[in-house]
Amino acid sequence: MSRTLSPHAALIVVDVQPDFMPGGTLACHQGEAIVPGVDRLLRSRVFSHVVATQDWHPRGHISFASSHPGRAPFEQIALHGQPQTLWPDHCVQGTPGAELHPGIDWTALDAVVRKGSDPAVDSYSGFRENHGPQGARPSTGLAGWLRERGVDEVFVCGLARDICVLWTAQDAVELGVRASLLWDLSRPVTPTSDDATRATLQARGIALIESANLAI
Ligand code: VGL
Ligand code: ZN
């Protein structure tokens with residue numbers, strides 16, 4: 001089955017950057033496997049609106065284990081009253097690992113939303129930062145960008161399926177926008193997370209679809 005896309009649908013490509021690929025500092029399991037499919041989807045021009053997010057941290061970012069003496073990557077700490085996983089240094093601003101992946105033709109891209117630039121706050125969702133010192137979650141502006149373009153439905157793909165892709169899709173439905181996760185065009189940081197991710201999608205009313213179901 002293939003479906004025709006509404007001109008009010010947007011594609012959100014989340015964090016397809018070398019640091020999230022095998023060989024990168026925070027590799028997703030089989031992350032590179034999505035590159036040809038994302039490239040094909042962008043070249044197909046089936047979406048009237050295409051936005052990418054780019055994880056974009058300053059050196060010494062608070063989410064890096066290296067910023068917390070005695071801590072190791074993948075440990076959890078409390079930060080601003082919330083659990084925070086500590087990551088290997090990744091997607092440092094201006095480094096090759098932080099680029100939009102060079103294996104994809106990004107010509108069709110309308111906008112790039114950079115996130116994670118605040119040294120003291122992590123940012124998973126493309127829509128808003130994680131909790132900051134004041135407890136609030138500042139907007140990235142993506143919701144307004146979509147609203148002003150009349151977008152009422154988003155398709156989310158990219159990395160990591162269990163973190164930034166999932167958080168972005170959840171925020172979309174919270175904003176009243178229908179959301180689908182392109183399963184074959186995403187990969188997780190934690191391979192054992194897939195069952196939990198499927199359960200979250202179902203609980204939040206986010207459709208799980210394959211890119212083959214899009215009319216490309
Ligand atoms: C991501 C962990 C830290 C992601 C970004 O893109 O899913 N995960 N920063
Ligand atoms: Zn990050």
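Quick notes on this structure:
- Selection from the range 54-97 of residues that are within 11 Å of ligand 1 (Cβ to nearest atom) and of a type in the set (A, V, I, L, M): Leu86
- Number of the exception - His101 against (1) closer than 25 Å to Ile77 by Cα; (2) in contact (Cβ under 8 Å) with a residue 40 or more places away in the chain: (1)
- On the stretch given as the range 172-183, residues that are surrounded by fewer than 22 Cβ atoms within 10 Å (Cβ to Cβ) and not in a strand (DSSP E or B) total 5.
- Any hit, the range 184-198, residues being crowded, with 17+ Cβ neighbours inside 10 Å, under 12 Å from Ser125 (Cα atoms), without any contact (Cβ under 8 Å) to a residue 60 or more places away in the chain and not β-branched (Val, Ile, Thr): no
- Residue list for the range 5-18, filter: near ligand 1 (Cβ under 10 Å from one of its atoms) and outside any strand (DSSP E or B): Asp15, Val16, Gln17
- Filtering the range 19-31 for residues that are part of a helix (DSSP H, G or I), within 12 Å of ligand 2 (Cβ to nearest atom) and of a type outside the set (Ser, Thr, Tyr) leaves a non-empty set.
Read-outs: derived from the displayed coordinates by stated rules, not from any lab. All values derive from a computational prediction rather than experimental measurement. A quick note on method: Cβ atoms are made from the backbone with ideal geometry, for glycine too, and the neighbour counts reach across all protein chains shown.
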